[in-house]
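Beneath this line is the structure, given in structure tokens, with notes to follow.
We did not get these values from a lab; they are worked out from the coordinates using the rules stated. Bear in mind that the values here come from a model prediction, so they are computed numbers and not experimental data. All Cβ positions, glycine included, derive from the backbone under ideal geometry; neighbour counts span all protein chains shown.
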Amino acid sequence: MPSGGAEGRAEVIATLSRLAHEQVVSSTTRDLLDAAEPLCDRLPADSDDAALIRVTRRDVDRARKLPADFVAERARAASQSIQVWREARPRNDFATFRPYLERMVEFARRTADYLGYTEHPYDALLDGYEPEMTSREVAALFAQLRDGTVPLLRAVVARASAVDAGVLRQEYAEEPVRRFALAIVRAFGYDLDRGRLDTSAHPFSTGFNRNDVRITTRYGRQSLGALFGAFHEAGHAMYSQGSAPSLERTPLAGGASNGIHESQSRLWENLVGRSRAFWQHAFPALQQHFPTQLRATDAEAFYRAVNRVEPSLIRVEADEVTYNLHIILRFELEQGLVAGAIAPQNLPEIWNAKMTEYLGVTPPADTDGVMQDIHWSGGLIGYFPSYTIGNVVSVQFFEAARRAHPDLVDRIRRGEFATLLGWLREHVHTHGRKFFPRDLLERATGTPLTPVPYLDYLRAKYHEIYGIQSRAG
Ligand code: ZN
């Protein structure tokens with residue numbers, strides 16, 4: 001969209017947000033729900049109809065707490081603020097962005113007040129992205145992750161020279177990268193008759209219905225990052241494509257939560273796309289696309305290169321070990337902002353101090369510091385924990401699929417992804433929004449949310465790559 005269109009679009013989005021909101025909270029919807037709810041007792045709890053009533057009631061109850069004018073005003077302000085952020089970020093101009101950020105924080109606080117909460121205003125916001133989850137649970141999960149990750153990161157950094165990623169820092173022409181990425185996501189099971197791959201400044205996926213789910217990636221001159229962007233977005237898209245046809249055009253279409261969605265993208269990006277088995281299969285084909293660049297490299301060296309760990313400034317470029325530290329930092333700042341304990345004007349300073357403390361790197365400019373993400377500019381506060389929940393859940397799902405199919409990794413090594421996708425289809429995708437994330441996870445894996453498999457996975461993988469001796473006992 002041309003930048004001149006931003007204001008017009010802000011008005012359009014405000015109007016559409018108001019109309020959608022009015023429909024959800026209308027007396028027609030309420031009467032239909034009231035009439036349907038008594039039937040619920042006679043339906044199996046996991047039937048589509050029972051879920052439809054349950055989920056719609058939750059959506060309506062949440063929406064009814066927000067006045068339509070407020071929803072429209074918030075949407076308009078978000079569009080304007082995003083536009084200001086877009087222009088201010090490359091200029092490292094936090095001062096211009098600040099009043100817009102302050103406004104979005106204020107909207108978030110008012111949203112929490114309208115929605116209500118018992119313990120922390122953040123709970124009200126989090127619930128919009130991770131239904132039925134509280135910041136207390138998130139804080140406990142994150143503390144375990146931080147305690148498990150920090151010593152691992154320290155050990156890895158001490159042996160940084162064990163992994164050479166020089167092979168990735170060469171010219172990789174866009175077209176062969178695109179062709180390879182397309183071949184791989186198709187092999188994963190992303191249906192290109194119901195999707196497509198395009199280019200954008202930041203990778204994303206977007207869907208209009210289960211038969212039209214599109215993805216993008218971005219190409220760097222000296223990078224194969226486009227591959228992992230495509231794997232990630234294909235993971236999101238396959239989730240949407242796999243939602244049951246019976247749920248189409250109902251409130252049950254879509255994903256159980258942002259975290260469950262992210263579990264799908266991270267699973268394909270990391271547990272498959274950064275695995276040794278996958279590159280044993282895929283490296284020869286990539287080598288054929290880039291015979292000069294990859295002449296002196298083999299699958300094992302390439303696997304190690306794409307898993308190089310390095311504390312860095314930018315979340316979206318972070319490796320598996322450091323990624324969650326970026327999220328924990330944002331979660332802590334968001335809680336402070338919403339509770340009023342942190343003033344937006346102090347954010348750059350606090351951001352930089354926390355980056356230094358957690359990751360050992362200090363942003364030289366706000367462009368690559370507090371202004372790097374789009375989320376806050378659009379008022380998406382409470383969203384970031386979903387990324388880390390997705391990482392944690394991705395391993396829980398993968399391990400459950402492996403319990404069902406003990407030869408799963410061998411199949412990946414043979415380039416056979418249908419078994420994994422089939423398991424995800426049956427246990428995750430087909431259910432759309434039918435179950436709360438907690439229930440979906442328990443049904444699929446038999447266990448509640450736990451960071452233990454994820455930390456075990458990180459330690460096993462990176463101890464091996466970096467030659468770190470595991471201490472027993
Ligand atoms: Zn994602």
In Å, the Kirkwood estimate of hydrodynamic radius for region 56-117 over Cα pairs equals 12.9 Å
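Give me the Å³ per residue figure for the convex hull around the C-alpha atoms of region 81-151.
Each residue corresponds to 133 Å³ of Cα convex hull volume.
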Give me the extension gain from Val316 to His463: residue separation times 0.36 nm, minus the current Cα-Cα distance, reported in nm with one decimal.
50.6 nm
Under the classification rounded if a/c is under 1.5, otherwise prolate if a/b is larger than b/c and oblate if not, where does region 310-353 fall, given a ≥ b ≥ c as square roots of the Cα gyration tensor eigenvalues?
prolate
For region 110-170, take every pair of Cα atoms, bin their distances at 5 Å starting from 0, and report each bin as a whole percent.
4, 15, 15, 12, 10, 9, 9, 10, 9, 5, 2
With a 10 Å Cβ neighbour count serving as the proxy for reagent exposure, in which order, fewest first, do Ile468, Ile374 appear?
Ile374, Ile468
Mind checking which lysines have their C-alpha under 30 Å from Lys434, skipping anything on the same chain fewer than 8 residues away?
Lys65
Spatial extent of region 20-125: Rg and Dmax, with the Cα atoms as the point set, Å
18.8, 60
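Stokes-Einstein D for the chain at 10 °C, 1.306 mPa s, Kirkwood Rh over Cα pairs, in µm²/s?
After rounding, the answer is 67 µm²/s.
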Counting all Cα-Cα pairs in region 1-77, those more than 21 Å apart amount in percent to 44 percent
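Out of every Cα pair in region 198-354, what percent are spaced more than 29 Å from each other?
Distances greater than 29 Å cover 34 percent of the Cα pairs.
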Per 5 angstrom bin, beginning at 0 and ending with the bin that holds the maximum distance, the Cα pairs of region 182-270 fall in percents of 3, 16, 26, 25, 17, 8, 3, 1, 1
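What is the Cα convex hull volume of region 260-334 when expressed per residue in Å³?
On the way: hull volume 8.2 nm³, N = 75.
With only Cα atoms used, region 260-334 gives 109 Å³ per residue.
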Bin width 5 Å, origin at 0, all Cα-Cα pairs of region 107-224: what percent of pairs per bin?
2, 9, 11, 10, 9, 11, 17, 16, 11, 4, 1
